[in-house]
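Working notes, structure below.
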């Protein structure tokens, strides 16, 4: 398996390092930065907007454009998080906690530099770690079933309570509120809508970005 993955890796690198593909990477990064700075426009919505332009492109160039725009969207989401205190993407919501207070103290450039640097280092190191460890953790991933997934969910809820500081009750209450909001719409196992109040808009679940924008606006 390892030899097959290495062969595929080197073949993919040979396809990527071509001038026209690198140009599409640069174009996708520019588009992703622009869309990521607009709240609610990055992520999947940005891919949907770019997808019609890729129908006549070759597959490698199309993937380069889409992947680079997707990757740079989460990075540029720090712009509105730091300057306005509004996360434009789900990945940039934690940046509001430290970046926005720094911007109000006149340290916006420092906050943006730290956000961009950490995003670049984290992306490169994360991709390298995933590529190296994937042959080792693949059997573990395939062995995951419903009990293990449930335990991961319980661990996430416990971490929410522990990260809330001294007020554990507030953290647990926030976690329960998140679970309540996540139950809106159709469940995966049944065809019965929950908490939609006869509103067609809620049948597709609550969209993540508007909910985050509303929740972050409440403390302000």
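No value in this document is a laboratory result; all are computed from the given coordinates. These figures come from a predicted structure and were not determined experimentally. Note that we place each Cβ from the backbone using ideal geometry, even for glycine, and neighbour counts take in every protein chain shown.
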Review point. At 222 nm, what helix-only mean residue ellipticity would the chain give, in deg cm²/dmol to the nearest 500, using -39500 (n - 2.57) for each DSSP H run of four or more?
Key: -23000 deg cm²/dmol
Check your understanding: Angle between the Cα long axis of helix 168-182 and the longest principal axis of the chain, 0 to 90 degrees, nearest 10?
Key -> 70 degrees
Review point. Taking Cα atoms, how many degrees apart are the long axis of helix 2-16 and the longest axis of the chain, rounded to 10 and kept between 0 and 90?
Key: 80 degrees
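Shape of region 38-134 from its Cα gyration tensor (a ≥ b ≥ c, root eigenvalues): rounded if a/c is under 1.5, otherwise prolate when a/b > b/c, or oblate?
Note, shape of region 38-134 comes out oblate.
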Revision key, fill the gap. Between the Cα axis of helix 146-162 and the main Cα principal axis of the chain, the angle (0 to 90°, nearest 10) is 60 degrees
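Using Cβ counts within 10 Å as a stand-in for footprinting exposure, how do 21, 124, 82 rank, fewest first?
Final ranking by Cβ density, sparse to dense: 124, 21, 82.
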Check your understanding: Relative contact order (percent) for the chain, with alpha-carbon contacts under 8 angstrom and 6 or more residues of separation?
Key -> 15 percent
Exercise for review: Using a Förster distance of 30 angstrom, determine the FRET efficiency expected from the C-beta separation of residue 125 and residue 16, and round it to 0.05.
Suggested key: 0.95
Practice item. Let me have the relative contact order for region 112-193, percent, based on Cα pairs under 8 Å that are six or more residues apart. Key: 12 percent
Exercise for review: Could you tell me which of rounded, prolate or oblate describes region 92-213, using a ≥ b ≥ c as the square roots of the eigenvalues of the alpha-carbon gyration tensor, with rounded for a/c under 1.5 and, failing that, prolate when a/b is larger than b/c and oblate otherwise?
Suggested key: oblate
Revision key, fill the gap. Ordering 68-78, 84-94, 195-205 by per-residue average of other C-beta atoms within 10 angstrom, highest first, gives 68-78, 84-94, 195-205
